[in-house]
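Working notes, beginning with the structure itself.
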Amino acid sequence: MVPERDAPQFSPLDKQTSMTVQNHSLSVSSGNVVEHTPRFSGTSEKERWHMITSEYPPQTGGVSDYTALVAAGLANAGDEVHVWCPQCAPARPAGDQITIHPELGKFSPADLKSVGKQLDSFPAPRHLFVQWVPHGYGYRSMNLAFCAWLWNRAIRHGDRVELMVHEPFLPFGRQSLRQNAAALVHRLMTVILLRAARRVWVSIPGWEPCLRPYAMGRSLMFRWLPIFSNIPVAADHDRTQAIRRQYAEEGQVLIGHFGTFGTSISSMLEGIILALAKDPEGQVVLLAGHGSEQFRDQLIRKQPGLASFVRATGKLPADAISQHLAACDILIQPYPDGVSSRRTSFMAGLAHGKPMVTTLGELTEPLWREQIAVALAAPDDTQGFVEKVRRLIRDPGERLRAGRLASQLYQERFDISRTVAALRGQDR
């Protein structure tokens, strides 16, 4: 499992080919227009879900992890789940309530037509839960045919379409002509999707004002469905202490960062680490995740003296990431557009009850400004960010308090059980 990528910012086929998997414990009327009133199960009534996703394990990515964990959560709640995805060989069994249909191929019109025939074998109205991120469905992120197919499923086949919008569309700006052309097509795709959808879930509240104008006046229900951590907490005190001893000496404060080390975040992180290194006594920085070793090497080439101050894990499996996060005393998680609940690297730290310093920005939800579980600094205020880190270094009691608040907040607002309850209409 991995945190979110540093992606562009966004203001039955034969039943023999389907794979029914065995264990869902995860450490994760044609020709006529048919209208149906959406039914959302708010009781223990069993629901059948058709989850449509652009990626699924063993493919890596935040959407892949999210889909697998939600599928398992719904199955554990007693629902029947069908996952429609590109060709894959599941890395792990998922459960007798979960059937994987790896037949979406390259999301071509022929693939979609074939999957549509399979869906028609299920009783109507079918409940399609679509994991939406425009660059996930091929055709250089401009797959209009996929959006039209969903509209057709809703209007002509009577399917209930729900969207989970992880990212909406590319912004217009000073990019190349090709980039702006893609941004225009993304908006046309959005119009079509919102005509098909009965409900739209958004990963952050900031996506709703971006999307609503493209509903073209249609009354449509939008609702925030926060992203949970895709790194399950692995409790093993002895292993955690062994990891601490590997990176930090007795009495040292271990400062961690978890991410994929894309350019925009790495440039902020570099300034923070260099400022911390000016007074390195009693602290060590641990970089965790894919790209961490390369980023450390870049830092050391510029400042050879950082070799003993900055360590790196490289890419690790989820349970190892969990142990490394647990070993840290403080996490530093800067984001150029500000912290938000879509940042799975941040949510992983929250789930592990770690005191964190992060950044405010245009996508930061009011929630983070109103509570005191995390320390916030402006994205361009490296000095202010570092000072907040130093306060935590100097005050073990404050670290303990902040960590407890972070864990409590996560359990109350973001745990996957909250997601499953919301989807099943049981959180009212």
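The values are calculated or read from the model by the stated rules, or taken from the named source; none is laboratory data. Quantities reported herein were computed from a predicted structural model and do not represent experimental measurements. No Cβ is skipped: glycine too gets one built from the backbone with ideal geometry, and neighbour counts run over all protein chains shown.
Ser345: within 23 Å of Leu254 (Cα to Cα), among the hydroxyl-bearing types (Ser, Thr, Tyr) and surrounded by fewer than 23 Cβ atoms within 10 Å (Cβ to Cβ), yes or no?
no
Among the listed residues Ile321, Ile332, which satisfies the condition of being closer than 24 Å to Gly289 by Cα and assigned to a strand (DSSP E or B)?
Ile332
Just a yes or no: is a residue in the stretch 353-370 assigned to a loop (DSSP other than H, G, I, E, B), over 29 Å from Glu208 (Cβ atoms) and either of a type in the set (Asp, Glu) or touching a Leu at 6+ places or on another chain (Cβ under 7 Å) (or both)?
Yes, the conditions are met somewhere in the stretch 353-370.
To keep it simple, each residue is scored yes or no on (1) of a type in the set (A, V, I, L, M); (2) not in a helix (DSSP H, G or I).
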{"position": "Phe228", "(1), (2)": "no, yes"}
{"position": "Val233", "(1), (2)": "yes, yes"}
{"position": "Ile243", "(1), (2)": "yes, no"}
{"position": "Gln246", "(1), (2)": "no, no"}
{"position": "Ile255", "(1), (2)": "yes, yes"}
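Which residues, counting only those in the stretch 194-209, are of a type in the set (A, V, I, L, M, F, W, C) and either in contact with a strand residue (DSSP E or B) (Cβ under 6 Å, 6 or more places away or on another chain) or surrounded by fewer than 17 Cβ atoms within 10 Å (Cβ to Cβ) (or both)?
Within the stretch 194-209, Ala196, Ala197, Val200, Trp201, Val202, Trp207 meet the criteria.
Would you check which residues across the stretch 374-387 are crowded, with 19+ Cβ neighbours inside 10 Å and farther than 16 Å from Lys278 by Cβ and list them?
Those that are crowded, with 19+ Cβ neighbours inside 10 Å and farther than 16 Å from Lys278 by Cβ: Val374, Ala375, Leu376, Ala377, Pro379.
For Trp149, all conditions in the list (1) under 20 Å from Phe222 (Cβ atoms); (2) assigned to a helix (DSSP H, G or I) hold save one; what is the number of the exception?
Status for Trp149: all satisfied but (1).
Checking the conditions here, which among Thr99, Thr67 is closer than 22 Å to Leu423 by Cβ, more than 22 Å from the chain's Cα centre (by Cα) and either modelled with pLDDT of 95 or more or not in a loop (DSSP other than H, G, I, E, B) (or both)?
Result of the check over Thr99, Thr67: Thr99.
Quick check on Leu170: is it in a loop (DSSP other than H, G, I, E, B), within 16 Å of Tyr214 (Cβ to Cβ) and either not charged (D, E, K, R) or not assigned by TED's automatic domain parsing to the domain that holds Trp201 (or both)?
yes
Here's the yes/no breakdown for (1) assigned by TED's automatic domain parsing to the domain that holds Pro280; (2) at pLDDT below 95; (3) within 25 Å of the chain's Cα centre (by Cα); (4) not in a helix (DSSP H, G or I):
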| site | (1), (2), (3), (4) |
| --- | --- |
| Leu376 | yes, no, yes, yes |
| Gly384 | yes, no, no, no |
| Lys388 | yes, no, no, no |
| Arg404 | yes, no, yes, no |
| Ser407 | yes, no, yes, no |
| Arg418 | no, no, yes, no |
| Gly425 | no, yes, yes, yes |
| Arg428 | no, yes, yes, yes |
